[in-house]
Amino acid sequence: MNQLEVLNRALFLQINGGNGTPVWLIRVAIGIADYLIFLIPILLLCLWLWGNHARRSLAIKACLVTLFALGMNQVIGMLWQHPRPFMIGFGHTGYRTRRIPLFRATT
């Protein structure tokens, strides 16, 4: 295992909840992971609708950067197959999940 993978696993274990993690904290974390992302398009829409020229320009740049990042995610997913930690039994899984790759280009 290379040094980058060792670092990746060490950092994952630092943020991974264990058996003693309270249920409410797991639910809050799941809620943040599932729904916080929806605030970004809402924020960009608000910047576009109620912003001045500078803020509209910022919203357009943010959309372009996001599209670029999503494109890079697809390219990385095609070139580097890497399973998520729960797919290989690493760490603690508090709930059942679908088996989807780390980079979603292959699904």
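Among the residues of region 65-96, those identified as without any contact (Cβ under 8 Å) to a residue 24 or more places away in the chain, farther than 30 Å from Leu44 by Cβ and surrounded by 11 or more Cβ atoms within 10 Å (Cβ to Cβ) are Pro83, Phe86, Met87, Thr93.
Any residue in region 28-42 that is closer than 18 Å to Phe86 by Cβ and surrounded by 12 or more Cβ atoms within 10 Å (Cβ to Cβ)? Yes - at least one qualifying residue is present in region 28-42.
Looking at Thr21, Thr106 in this structure, which one is surrounded by 13 or more Cβ atoms within 10 Å (Cβ to Cβ) and either farther than 23 Å from Asn2 by Cα or modelled with pLDDT of 80 or more (or both)? Talk me through it step by step, then tell me what you get.
Numbers: Thr106 fails: surrounded by 13 or more Cβ atoms within 10 Å (Cβ to Cβ).
Result: Thr21 is the single residue among Thr21, Thr106 that is surrounded by 13 or more Cβ atoms within 10 Å (Cβ to Cβ) and either farther than 23 Å from Asn2 by Cα or modelled with pLDDT of 80 or more (or both).
Within region 4-34, the residues that satisfy the criterion of being in contact (Cβ under 8 Å) with a residue 12 or more places away in the chain, over 18 Å from Ile88 (Cβ atoms) and under 16 Å from the mean Cα position of the chain (by Cα) are Ala29, Ile30.
The values are calculated or read from the model by the stated rules, or taken from the named source; none is laboratory data. Every value quoted in this text rests on a predicted model; they were computed, and no experiment measured them. Backbone-built Cβ (ideal geometry, glycine too); neighbour counts: all protein chains shown.
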